[in-house]
Amino acid sequence: MKILIAGIGAMGGSFAHKLSNKHKIVAIDTWQENVKKINENGLTVVDLGEKIINKNIKAYMLEEYKEKADLIIIFVKSMLLETMLENLKPNIGDNTKVLCMLNGLGHIQTLKKYIKAENIVIGISLITASLKSAGSIALTSYAYNEISGLNEKGRENAKMVAKLITDCGLPTNFVNDVKEAIWEKACVNGVFNSLSTILDLRLGEFRDLPRLEHILKEIIEEFHKIALFEGVDFDKNKAFEKVYRCTQKGYQGEFHYPSMHQDLRQHGRKTEIDFLNGYISEKGKEYGEKTPYCDLITFEIKALERKLIK
Ligand code: NAD
């Protein structure tokens, strides 16, 4: 099975590393220094604290690699998905499956522009990883992935992909419908990625703030209104539980800053806001629904981006 990892940062690197135990892995990326380091020294992976140098991954710059793949796993940031798909055209054959587990909303529509519906595999990843420097990543927790397809044939393809990834050591569940899970995860990210970045707070520092529950529920309500317009009725209470849990004592990320905070406040990089609260805000305008919380959150993140992006 020829597997192409499109975007070899924290998550792409983690998947490339684990899948390279059993498969031939090629990666493409937009970051020259990263590609150079991986090819010259191997990918350095700190896998739950254990340092490993993986020399089984061959990396190319985006436009350099033209061969068809059996499976493509995309792990760029959401704002680069469309550019990546444009560049992947030579690598996508009639039977190439494309797996996308990016955070955020609206990706299915983008994927459908480039890939036959039956070949699209979508989902969420609860695995966590971080990028240390070019050619160096840390896999920090294994949790699990949840994936599905968009139609009957797509679900068969998703089952095959779930087994392939699980067999390489990354637990991946096939589920009949993953859209609700995608929206619930977007709620978690739409609340705490954004608020932690705006307020410069760790997750646990939100605990016991006055009106916290009310604010969280209002934001989730806005996500839910838009989800209904898009044919998804996720469980608001379940989403609230998942969001609220992040602030509680004993939650493993209690002392962490979410990835948007790391991207913007720590590294001066653009955020995925347009695919989280920004998506809700834009769709609200389109569907004639008021989304004041997401409008304000998006406005504030964009103001910070203007100030902090290097
Ligand atoms: P990442 O920033 O580590 O890597 C994404 C891409 O950005 C890669 O192609 C990488 O090479 C490039 N990149 C990174 N730093 C760069 C730099 N300084 N200069 C130029 N290019 C650079 O992102 P990620 O954490 O792998 O996230 C990919 C997707 O997966 C996102 O949608 C994210 O929200 C989602 N996700 C991440 C995690 C996680 O724990 N990291 C978990 C679940 C989902």
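The values are calculated or read from the model by the stated rules, or taken from the named source; none is laboratory data. Treat the numbers as computed from the prediction; the structure is a model and nothing was measured. Heads up, the Cβs are rebuilt from the backbone with ideal geometry, glycines too, and the neighbour counts pull from every protein chain shown. We work out accessible area using only protein heavy atoms, side chains counted, and drop any ligands, DNA or RNA first. Shrake-Rupley method; radii C 1.70, N 1.55, O 1.52, S 1.80 Å.
Things to note:
- Cβ-Cβ distances below 7 Å connect the following pairs, each with a first residue in region 250-264 that is modelled with pLDDT of 90 or more, a second residue that is near the ligand (Cβ under 9 Å from one of its atoms), and a separation of six or more residues or different chains: 258/193; 259/193; 260/193; 260/272; 263/269.
- All positions within region 144-163 that are under 17 Å from residue 12 (Cα atoms), out of contact with any helix residue (DSSP H, G or I) (no Cβ under 8 Å at 6 or more places or on another chain) and open to solvent by less than 50 Å² (accessible area, probe 1.4 Å): 161, 162
- Residue count for region 2-21 under the criterion of being within 14 Å of the chain's Cα centre (by Cα) and open to solvent by 10 Å² or more (accessible area, probe 1.4 Å): the result is 3.
- Selection of region 286-310 for residues being in contact (Cβ under 8 Å) with a residue 60 or more places away in the chain, open to solvent by 20 Å² or more (accessible area, probe 1.4 Å) and part of a loop (DSSP other than H, G, I, E, B) yields only 289.
- Condition check for residue 182: farther than 21 Å from residue 13 by Cβ and either surrounded by fewer than 23 Cβ atoms within 10 Å (Cβ to Cβ) or more than 16 Å from the ligand (Cβ to nearest atom) (or both): no
Each row is one residue, and each column tells you yes or no for (1) under 19 Å from residue 308 (Cβ atoms); (2) in contact with a His (Cβ under 6 Å, 6 or more places away or on another chain); (3) buried (at least 21 other Cβ atoms within 10 Å of the Cβ).
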{"residue": "240", "(1), (2), (3)": "no, no, no"}
{"residue": "244", "(1), (2), (3)": "no, no, no"}
{"residue": "249", "(1), (2), (3)": "no, no, no"}
{"residue": "257", "(1), (2), (3)": "yes, no, no"}
{"residue": "262", "(1), (2), (3)": "yes, no, no"}
{"residue": "267", "(1), (2), (3)": "yes, no, no"}
{"residue": "273", "(1), (2), (3)": "yes, no, yes"}
{"residue": "280", "(1), (2), (3)": "no, no, yes"}
{"residue": "284", "(1), (2), (3)": "no, no, no"}
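- Across region 263-285, the qualifying residues are those that are near the ligand (Cβ under 9 Å from one of its atoms) and either part of a helix (DSSP H, G or I) or among the β-branched types (Val, Ile, Thr) (or both), and the one among them that is farthest from residue 184 (Cα to Cα) is 263.
- Meets criteria (out of contact with any Lys or Arg (no Cβ under 7 Å at 6 or more places or on another chain) and in a loop (DSSP other than H, G, I, E, B)) for residue 216: no
- Residue match in region 40-58 (condition: at negative phi, touching a strand residue (DSSP E or B) at 6+ places or on another chain (Cβ under 8 Å), near the ligand (Cβ under 10 Å from one of its atoms) and aliphatic (A, V, I, L, M)): no
- Taken over region 98-143, the criterion of being under 11 Å from the mean Cα position of the chain (by Cα), open to solvent by less than 20 Å² (accessible area, probe 1.4 Å) and polar (S, T, N, Q) is satisfied by 125 alone.
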